[in-house]
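Chemist: Questions regarding the structure given below will be posed in turn.
Rule-based calculations on the coordinates, nothing more; no lab input. Just so we're clear, the structure is a prediction, and the values are computed from it rather than from any experiment. FYI the Cβ positions are ideal-geometry reconstructions off the backbone, even for glycines, and counts take in every protein chain you see.
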Amino acid sequence: MNHSSRITFDPAVIGGKPCIRGLRVTAGTVVGLVASGYSDADILKAYPYLEKEDIRQALAYAAWRAEEIELPDEAKSRVRILPIQEKTG
């Protein structure tokens, strides 16, 4: 995934967890609020320094992360990634 510039990782901010634009709001916090039923308007009211695009990017990051596979270091050296062939015709 080409991570959005809105999702940042800084060891000095909440221990390097994925945050929204370097703020002390994690992507997980935003995703949790959405999962709990809060609307975008509710979230933006509670966190007025966030933008609607921040919410969308947090959800996109979480979706990508849920599909990512973690491999042990020794397995990484044995993995061969093949290019995707585009369909023609």
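Chemist: Just to verify a number: FRET efficiency for TRP64 and ARG24, C-beta to C-beta distance, R0 = 22 Å, to 0.05?
Modeler: 0.50
Chemist: Quick one: if you stick a label point 7 Å off each Cα along the C-beta vector at SER39 and ILE14, how many nm between them?
Modeler: Simple spin-label model gives 2.4 nm for this pair.
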